[in-house]
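All of the numbers you see were taken from the coordinates with simple rules; none came from a lab. Since the structure is predicted, the reported quantities are computational estimates derived from the model, not experimental observations. Virtual Cβ from ideal backbone geometry, glycine too; neighbours counted across all protein chains shown.
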Amino acid sequence: MVLFYISFAVGQNLTGANSMVNGIRQLPENRRGDGNSVCNTLQQLSGAAGTAAAAALVASAQTGGAAMMQEQTQAGSGHAFWLLFVLGVMAMGISWNIFRNTGGK
């Protein structure tokens, strides 16, 4: 789990700011402040949506009695992990495709 978190943090730090700056650079000068606000708002909204989706998957797995709560929580956490893993791989693929098509500029 630590290795996944380290790779997530490294990937986020390598791509997050660069992607935001590249996107804002495409805007006219008088709209760049608005673009920055939109990017920051979407980042916060995405974080909240991801947390809500993971919590919903864990909660949906906890449908049985208290005797099986540990197993149900573990199963729901596994489902949430794989959902977030797939979304992360998709984001990495999209970022790589954009980087490749722009020539790293």
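In percent, how large is the relative contact order of the chain, given Cα pairs closer than 8 Å and 6 or more residues apart?
Working: 40 pairs, mean separation 18.2, N = 105.
For the chain, the relative contact order is 17 percent.
Between [x] 1.04; [y] 1.34; [z] 1.39, which entry matches Cα Rg over 2.2 N^0.38 Å as derived from the coordinates of this structure?
Answer by label: [z].
Taking the mean number of other Cβ atoms within 10 Å as a proxy for protection, how do you rank 46-56, 1-11, 69-79 from highest to lowest? The partial results should precede the final answer.
Working: 46-56: 12.0, 1-11: 9.9, 69-79: 14.1.
By packing density, highest mean first, the sequence is 69-79, 46-56, 1-11.
Under a point-charge model restricted to the Cβ atoms of Lys and Arg (+1) and Asp and Glu (-1), what is the dipole moment magnitude of the chain relative to its Cα centre, in debye to the nearest 20? Don't skip to the end; give the middle numbers.
Values: 5 positive and 3 negative charges, 88 e Å.
About 420 debye.
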